[in-house]
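> Structure in structure tokens, see below.
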Amino acid sequence: MMGEQISNNLKASLFDLTYIIENFKRKQIMDMLCLRIRKTLEASRVVFYMYNKWQLEQQMTYYSCTYPITGTENFSLPTFIKYYKEKQPISMLNTSCPVLIEQKGCSNFLLKFKCQENCYGFIVISFDKEKVLTMKDLEQSRIVIEQFLCILYTNRHHKTLQDRNHLMFQLSTRLHSVHRTEEVLEKIYDTIQILYPSFTYNLLLSQEFDYCDVPIKLIEYSKETSLSPGLISFMNNKLQIDQKPELNETNIYSPLSGKQGVYGVLHVTIPLMIQLLDEEIEFIQNFTNMAGRAIERTTLYQSSNQLVSNLQTINNASQELNTNLELHDITKIVQKHILNSTFAEENAVVLFHEESSSGYEILKGSTNYFTSIEGHEFAQFVKKKLLANPRPCLTGDFHSNNIQIPFKSLMMIPMSSSENVYGAIIIAHRSAYYFNFEKYKFVQSIVQHASLAFYNSILKEKLKQIAITDYLTNLYSRNHLDKIIKQQLKAGDYGAFILFDVDDFKQINDTYGHYIGDKVLIQVANIIKSEMNSGEIAARWGGEEFAIYLPHYELKLATEKANTIRKKVLNKTKPQVSLSCGVSIWTNQQEESVEDLFIRADEALYEAKTSGKNKVVKKVYIPAN
């Protein structure tokens, strides 16, 4: 009767405790449980040693009717589990226990309990020697306590699930109002820290995000990269668990996946060696799937906004480029739109043509680096690369044995007509992997529109050049020379005009034929061009006559220039020809017209021809009386 009464009293006391479970925290309930067990069983001490597999944050928990609890420091989880399996449901506690939990001078009993599959442990009950219950009484008490713990476990488990699901619902609601991926990552990180505050987290992503406080590590893969659990999770879209006994930690890698792809991996580091429950794995997967869908939504939203912005930029650029512009104007427009969108450090527009000595021209408006020797070497390198393989190039880790440049991220996009590649746009940044693929496609679109504008401008320039250029010698036409000299007479201070005539040119045609005669004229024209400096203009005057205008030349220097050309023609033409030259000058002190300047040069030329040829005659201005 004594044992049955104790059991009934314990049932009544614990049954009354079930009504207030929800009003107190777990530790408070367990402390009250210890006190009621001690009072009902008239024990001197009650201590619980519990392991809850569902509570990932901790290994074991201890509760007692009196604190502090001593002798638990070395009671590791593996030791606890081994000891649990070896013990009977009720046993006397003795010194074979690996932890000093017995109370000296008392009878100490060890009662095993188990709540479902996830929570189990011991109750140590100590009695004064004269107040010891029978084994039957202890077994009935153990069953009553275990039933209460099952109720407590179920209640707490459901409450935890309810709280966790509520937190998930709140997160899902907040994420639907977020439009920036960085903010999504921050909310995900804050929430997972609330759920598991003692763990460490990293987000393994394929790209970095600016102004984001979340710990992000880049996923990098190459042939040399080993397949880490995080990379496997990312590639296979499957949760991976990696235990490291040497570090006493468990690592979880759960993919952040949406409907269209995997956007990263949540890496959770648990500072314990534990076996995860299926329901815990399922929760983590559900959490990361929700996070992945939110990342996907904001990524698509930002991409669509960026696409609209890019289309607007391309449309605006196209409208600007479709106007009748010069090359430098087109370069400014291209530079403006590309630099504003890519935030590149260096940018250049390079035209390929054989007319220049280098075979290319870096247009004005390109950034300062391309005015340096290194910049010109880089432009030459790009020219050779694109002419050999005219395909656009994007790289985030540039290196070459042929050239050393300070840039890692490069875009080299050719400009082509229906016939061939005629130029390139170069965009560079020193940081590795600075330009993403979306920026690359955007720049390609800009370049496609710019290519047509550049080509039309080049054709327009060529047409202008044709209009003012002699078709045979590629010297300027007489009309263009007339125009330049008239402008000089209005705006300049002084200058010189020289007329050249190929001596006995009819004899060349009669002897060798007109084809060779034309070759001779081309040779003479090339010699004259080779002596022209910046601002000096050479023209074909007509037939076998040539003319040059030399701004800011006095009579002596002009005569020396004429003699230099005359001597080169005599020594370098084949068949050999000579020149007769007439020189005239003007100053802004003279009151005369362009025609007067021409007449004096023509008179000097006539005098050279009639006085023996192959000579230079000069004619000065003589003011009227």
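> Given charges of +1 on the Cβ of Lys and Arg and -1 on the Cβ of Asp and Glu, with all other atoms neutral, how large is the dipole of the chain about its Cα centre, in debye to the nearest 20?
1060 debye
> Just the accessible area for Arg156, please: 1.4 Å probe, Å², rounded to the nearest 10?
In the full protein context, Arg156 sits at about 30 Å².
> Rounded to the nearest 500, what is the 222 nm mean residue ellipticity of the chain from helices alone, with -39500 (n - 2.57) per DSSP H run of 4+ residues and division by all residues?
-16000 deg cm²/dmol
> Taking the dipole about the Cα centre of the chain, with the C-beta of Lys and Arg at +1 and of Asp and Glu at -1, give me whichever of Ala604, Gly396, Tyr455 is farthest to the positive side.
Among Ala604, Gly396, Tyr455, the one farthest towards the positive end of the dipole of the chain is Gly396.
> Okay, next question. Against the longest alpha carbon principal axis of the chain, how many degrees, from 0 to 90 and to the nearest 10, is the axis of helix 555-572 turned?
Once rounded, the angle reads 90 degrees.
> Give me the percent relative contact order of the range 500-546, please, defined on Cα pairs under 8 angstrom at least 6 residues apart.
47 percent
> Mind checking which aspartates and glutamates have their Cα closer than 14 Å to the Cα of Lys336? Skip sequence neighbours fewer than 8 apart in that chain.
Straight-line reach from Lys336, under 14 Å: Glu320, Glu345, Glu346.
> Next question. Based on the inverse mean of 1/r over its pairs of different Cα atoms, what is the Kirkwood hydrodynamic radius of the range 565-604, in Å?
Taking every pair of different Cα atoms in the range 565-604, averaging 1/r and inverting gives 12.0 Å.
> Another question about this same structure. Can you give me the distance in nm between label points at His399 and Asn286, each placed 7 Å from the Cα along the Cα-to-Cβ direction?
Going by the 7 Å Cα→Cβ label model, 4.8 nm.
> A further question follows. Based on the Cβ-Cβ distance of Tyr62 and His376, what FRET efficiency does E = 1/(1 + (r/R0)^6) give at R0 = 56 Å, to the nearest 0.05?
0.15
> Could you name the lysines in cross-link range of Lys131, using Cα to Cα under 27 Å and dropping any fewer than eight places away on the same chain?
Straight-line reach from Lys131, under 27 Å: Lys11, Lys39, Lys87, Lys104, Lys112, Lys114.
> For Lys464, give me every one of the lysines with a C-alpha distance below 21 angstrom, ignoring sequence neighbours fewer than eight places off in its own chain.
Lys364, Lys483, Lys486, Lys529
> Moving on. To the nearest 20 debye, what is the magnitude of the charge dipole of the range 483-575 about its Cα centre, counting +1 on the Cβ of each Lys and Arg and -1 on the Cβ of each Asp and Glu?
Dipole about the Cα centre, nearest 20: 240 debye.
> Might you report the magnitude of the Cβ-based charge dipole of the range 104-263 about its Cα centre, with Lys and Arg at +1 and Asp and Glu at -1, to the nearest 20 debye?
About 700 debye.
> Putting +1 on Lys and Arg Cβ atoms and -1 on Asp and Glu Cβ atoms, find which of Gly492, Phe435, Ala525 reaches farthest to the positive end of the dipole of the range 426-545.
Of Gly492, Phe435, Ala525, it is Phe435.
> With an 8 Å Cα cut-off and a minimum separation of 6 or more residues, compute the relative contact order for the chain in percent.
Value for the chain: 7 percent.
> Which order do Glu461, Glu560, Glu246 take by accessible area at a 1.4 Å probe, largest first?
Glu246, Glu560, Glu461
> Separate question: Where the centroid of each part is defined by its Cα atoms, how far is the range 20-53 from the range 487-512 in Å?
One Cα centre to the other: 117 Å.
> Still on this structure, I have one more. How many nm is it between the label spots at Val620 and Ser417, if each spot is 7 Å from the Cα in line with the beta carbon?
Taking the two extended label points, one gets 5.1 nm.
> Amide H to amide H, which residues 5 or more places from Cys65 or on other chains are under 5 Å from it, using H placed in the peptide plane?
Amide H neighbours of Cys65: Val46.
> Considering the options Tyr196, Leu570, Val214, tell which one lies farthest towards the positive end of the dipole of the chain, charges being +1 on Lys and Arg and -1 on Asp and Glu at the Cβ, about the Cα centre.
Projecting each Cα onto the dipole axis, the largest value belongs to Tyr196.
> Can you give me the accessible area per residue for the range 406-491, using a 1.4 Å probe, in Å²?
Spelled out: the 1.4 Å probe surface of the range 406-491, per residue, equals 53 Å².
> Once the Cα atoms of the range 499-540 are picked out, what are the Rg and Dmax in Å?
12.0, 38
> Further, regarding this structure: Take the alpha carbon atoms of the chain, find their radius of gyration, then divide it by 2.2 N^0.38 Å using N residues; give the quotient.
Scaled against compact globular proteins, the figure is 1.84.
> Another question about this same structure. Mind checking the per residue accessible area of the range 264-310 for me, 1.4 Å probe, whole number of Å²?
Accessible surface, normalised per residue, equals 43 Å².
> Enumerate by residue number the GluC sites (Glu not before Pro) in the range 144-217 meeting two conditions: DSSP loop (anything except H, G, I, E, B), and at most 12 other Cβ atoms within 10 Å of the site's Cβ.
Sites meeting the loop and neighbour criteria: Glu208.
> Okay, next question. Beyond 21 Å, what share of the Cα-Cα pairs of the range 548-625 remains, rounded to the nearest whole percent?
Counting every Cα pair in the range 548-625, those more than 21 Å apart make up 30 percent.
The values are calculated or read from the model by the stated rules, or taken from the named source; none is laboratory data. Quantities reported herein were computed from a predicted structural model and do not represent experimental measurements. Heads up, the Cβs are rebuilt from the backbone with ideal geometry, glycines too, and the neighbour counts pull from every protein chain shown. For the accessible areas, the whole protein counts, side chains as well, though only heavy atoms, and no ligand, DNA or RNA atoms are used. Shrake-Rupley method; radii C 1.70, N 1.55, O 1.52, S 1.80 Å.
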